[in-house]
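Input: a single structure, listed below in structure tokens.
The values are calculated or read from the model by the stated rules, or taken from the named source; none is laboratory data. Owing to the predicted nature of the structure, the values given are computational and were not obtained by experimental measurement. All Cβ positions, glycine included, derive from the backbone under ideal geometry; neighbour counts span all protein chains shown. Side chains included, ligands, DNA and RNA excluded: accessible areas come from the protein's heavy atoms. Shrake-Rupley method; radii C 1.70, N 1.55, O 1.52, S 1.80 Å.
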Amino acid sequence: MKNLYQPQSVKIEKIEALSPSVRLLRLKKRLNFVPGQFVLAGLWGYGEAPFGPASSPYQKQYFDLIIRKGGTISSAFHSLKKGDEITIRGPYGNGFPLDFFKGKDVVMVSGGCGIPPIASLIEYFIKNRKNFGRLYLAYGAITPDDILIKNRVSRWQKFGVEVILTVDNPTPGWLGHTGFVTELMGEIKVNPLDAVAVMCGPGPMAAAMEKKLKPLGFTDRRIFVSDERKMHCGIGKCQHCTTGDKYVCLDGPVFTYDQIDKNLHIRAA
């Protein structure tokens, strides 16, 4: 019987600085996952933390994790170098309902380090472009330097993804929008009766975006939120990630908004 707690050692193939506090780790392993699922990445002596892969689910040679330096575990990840090994468990949880998205316009919204599962979802859309309608990405960050995986944006645009960027604090030469990501909705033209919205980012962003989307005609069951926080075991045993009557690790990390709209867990930054 397979041991669901058993971690696997994976070698770091590449490390890329995405911002002053964020790094991309490219791990030399094929990972079969659905965009929106998560893995638990760990280091012996430090523990584990959940991360959504940021690479294409069709990539056979490696997968990417994006890690912001903050607590003990993430700081330890930032001390690693190419060739070092970390542990991986998963993938776990439910990803985005890709079949439900077929034939629809998709509005993707992300803030800060919420971009990894959205990036993986975009790669899936590009590979299956004819199955989907208009694709939008509204992505907000504090400064231009905090916008992650900038090198993918031009390629996404070539495949018909309309990328709209905004920052809170512009720097000289910034040509994008200034302000909160919620203010970008005027740039997006879809029929909400034949569209879905997908969000991953700080909790307050999700709550604010829902208030923008509802008047446009999006129902809460067409608004999907990815939440990767507070997960420890990954398989519904430790109860650390309970949110109302849901487990983030088992019932999520992708939820429809009506599943979590009254729970403060998703709204805590």
Quiz item: Which ones in the stretch 148-185 are without any contact (Cβ under 8 Å) to a residue 24 or more places away in the chain, among the hydroxyl-bearing types (Ser, Thr, Tyr) and in a strand (DSSP E or B)?
Solution: 178
Quiz item: Taking only pairs six or more apart or across chains, which ones have beta-carbon atoms under 7 Å, a first residue in the stretch 220-248 that is touching a residue at least 60 places away in the same chain (Cβ under 8 Å), and a second residue that is open to solvent by 10 Å² or more (accessible area, probe 1.4 Å) and of a type in the set (Ser, Thr, Tyr)?
Solution: 224/256; 234/92; 235/92
Self-check item: From the options 198, 190, residue that is under 24 Å from residue 163 (Cα atoms), part of a strand (DSSP E or B) and at pLDDT 80 or above
Solution: 198
Quiz item: Restricted to the stretch 67-84, and to residues that are within 19 Å of residue 113 (Cβ to Cβ) and in a loop (DSSP other than H, G, I, E, B), which residue is least open to solvent (accessible area, probe 1.4 Å)?
Solution: 80
Quiz item: Residue check: is residue 192 over 22 Å from the mean Cα position of the chain (by Cα), surrounded by 15 or more Cβ atoms within 10 Å (Cβ to Cβ) and of a type outside the set (Gly, Ala, Ser)?
Solution: yes
Practice problem: Starting from residues that are modelled with pLDDT under 85 and surrounded by 17 or more Cβ atoms within 10 Å (Cβ to Cβ), keep the ones in the stretch 211-231 and report whichever is nearest to residue 68 (Cα to Cα). | Solution: 228
Quiz item: Is one or more of the residues making up the stretch 127-139 in a helix (DSSP H, G or I), touching a residue at least 12 places away in the same chain (Cβ under 8 Å), touching a Phe, Trp or Tyr at 6+ places or on another chain (Cβ under 7 Å) and within 22 Å of residue 55 (Cβ to Cβ)?
Solution: yes
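This table checks each residue for (1) open to solvent by 40 Å² or more (accessible area, probe 1.4 Å); (2) closer than 30 Å to residue 193 by Cβ; (3) part of a strand (DSSP E or B); (4) touching a residue at least 60 places away in the same chain (Cβ under 8 Å).
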position	(1), (2), (3), (4)
58	yes, no, no, yes
61	yes, no, no, no
65	no, no, yes, no
86	no, no, yes, yes
89	no, no, yes, yes
106	no, yes, yes, yes
116	no, yes, no, yes
121	no, yes, no, yes
125	no, yes, no, no
Practice problem: Answer yes if at least one residue in the stretch 19-28 is open to solvent by 40 Å² or more (accessible area, probe 1.4 Å), out of contact with any Cys (no Cβ under 8 Å at 6 or more places or on another chain) and closer than 23 Å to residue 254 by Cβ, and no otherwise. | Solution: no
Quiz item: When only residues in the stretch 68-106 that are among the small types (Gly, Ala, Ser) and in contact with a helix residue (DSSP H, G or I) (Cβ under 9 Å, 6 or more places away or on another chain) count, which is farthest from residue 12 (Cα to Cα)?
Solution: 103
